[in-house]
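Worksheet for the structure shown next.
Only the coordinates and a few stated rules stand behind these numbers; no lab work does. What you are looking at is a predicted structure, and each value in this text was computed from that prediction instead of being measured. A quick note on method: Cβ atoms are made from the backbone with ideal geometry, for glycine too, and the neighbour counts reach across all protein chains shown.
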Amino acid sequence: MCGYTEQRGSGAAPLQLKELSDNSLDRARWDAFVEAHPEGTFFHRAGWRSVIAKVFRHDARYVYTERDGAVTGVLPLVHLRSRLFGNALVSTPFCVQGGPLATDATSLERLRTHAIGEMERLAADRLEFRLTNASGAEGWITRSDQYAIFRRAIAADEDQNLKAVPRKQRAVIRKSLESNLVASVEPDIKRFYRIYSESLRNLGTPAFPRRYFEALVEAFGDSCEITTVLHGISPVSTVLSFFFRGEVLPYYGGAAPVARSCGAYDLLYWDVMRRAAVRGCRVFDFGRSKIGTGSYAFKKNWGFVPQALTYEFRLRAGAAVPDLNPLNPKYRRYIAAWKRLPLPVANFVGPYLIRSLG
């Protein structure tokens, strides 16, 4: 790891800024801090650094502050460079959250100042922090009109969780439980990827490469779980979930066209919730959705209340906040064309595009 000089407060030990190394002890200290911090999330975990660097070959510079041998703050930073989507420094790309965490104002300010310095050094168009709430820091632009997150408490009792779902959606779940659908947990990434990639192609969206999901499972192990729903012998819906601090996050999913009509989507997420409650989880995090999209409406139908995500941006002079939204009219032609691509072509081209979207 490399260290940076920091001013010494009166009577206090010096605050140091260090870069996260590949040392297992270093990563364990980082993760222990994230686990203990009230605003820590799964997306702050150190494993993302190796996944992003290995799969996408982005420069992942994770830094932390330390005083008297104790970690006082962490900041995951990734440099994205693309001819199509510009030059950006993001905390954290491909993730819902991941902005700076600190136990004190001095550490937080040191992390933010370092990020601004890196933005200038790299001549980046923007610096982006993905937060739940804005810091209100001067010189930053906030945006909270694009994404919302859906979270709520779940109980240990299955019937109680089912009763918490609105009546209309609850009836759909009950119907799916009585149908020819079976949900199971199996670590079959190939089967998961077939369903996931075809589903995204049908939506007009590039898919991540299969090696990305293999890297996630390798990095996070038991904190990952794949649930798949079979209709007879045919897999029709699937989701890769993350587990963190008593929460379950069904994060990457997809389904065959028949899934919606036969209730496979509904059984899928109900089964994830049911199994997570048995596992001891007490929060179900339905993840991020763009406001106004079908997935946003689907999650509201389950009784989840959307909470706007406020992302912060610091921009180079003349740069603008990106609007990479499928509802943006200028992307409609590209989405329509993507839907018509043969699946092998979409799976070959898609990873080259999505690695720069972040």
Q) Sorted by packing (mean other beta-carbon atoms within 10 Å per residue), highest first, where do 264-271, 151-158 land? A) 264-271, 151-158
Q: Would you mind getting the Kirkwood hydrodynamic radius of segment 135-190 from its Cα pairs, rounded to one decimal in Å?
A: 15.9 Å
Q.
Which order do the peptides 19-32, 227-240 come out in when sorted by mean C-beta neighbours inside 10 angstrom, highest first?
A. 227-240, 19-32
Q) For the chain, what is the largest minus smallest coordinate of the Cα atoms on each principal axis, given in angstrom and ordered from greatest to least? A) 68, 47, 34
Q: Could you point to the residue in SER197, VAL172, ALA148 farthest towards the positive end of segment 138-227's charge dipole, with +1 and -1 charges on the Cβ of Lys/Arg and Asp/Glu respectively?
A: VAL172
**Q.** Tail weight of P(r) past 22 Å, computed on alpha-carbon pairs of segment 108-244, percent
**A.** 64 percent
Q) With point charges of +1 on the Cβ of Lys and Arg and -1 on the Cβ of Asp and Glu, referenced to the Cα centre of the chain, which listed residue (LEU108, GLY303, VAL345) lies farthest in the positive direction of the dipole? A) VAL345
(Q) Taking only Cα atoms of segment 194-251, what ratio of Rg to Rh do you get with Rh as the Kirkwood inverse-distance radius? (A) 1.00
**Q.** Rg/Rh for segment 12-116, where both radii come from Cα atoms and Rh is the Kirkwood radius
**A.** 0.96
Q) Simple spin-label model, 7 Å along Cα-to-Cβ: ALA336 to ARG274 in nm? A) 4.2 nm
Q.
Given all pairs of different Cα atoms, what value in angstroms does the Kirkwood hydrodynamic radius of segment 187-318 take?
A. 16.0 Å
Q | If the convex hull is drawn through the Cα atoms of segment 71-184, its volume per residue in Å³ | A | 218 Å³
Q. For segment 257-358, what number results from the quotient of the Cα radius of gyration and 2.2 N^0.38 Å?
A. 1.40
Q) Considering lysine pairs in the chain that are 8 or more places apart or on different chains, how many have Cα atoms under 25 Å apart? A) 17
Q: With springs connecting C-alpha atoms under 10 Å apart, model the chain as a Gaussian network and identify which of SER261, SER295, SER199 has the largest mean-square fluctuation.
A: SER261
Q. What net charge do the residues around ILE189 carry, taking every other residue with its C-beta under 11 Å from that of ILE189, with Lys and Arg at +1 and Asp and Glu at -1?
A. +1
Q) So, how do all the Cα-to-Cα distances of segment 41-82 break down into 10 Å bins, in percent, from 0 on up? A) 27, 48, 21, 4
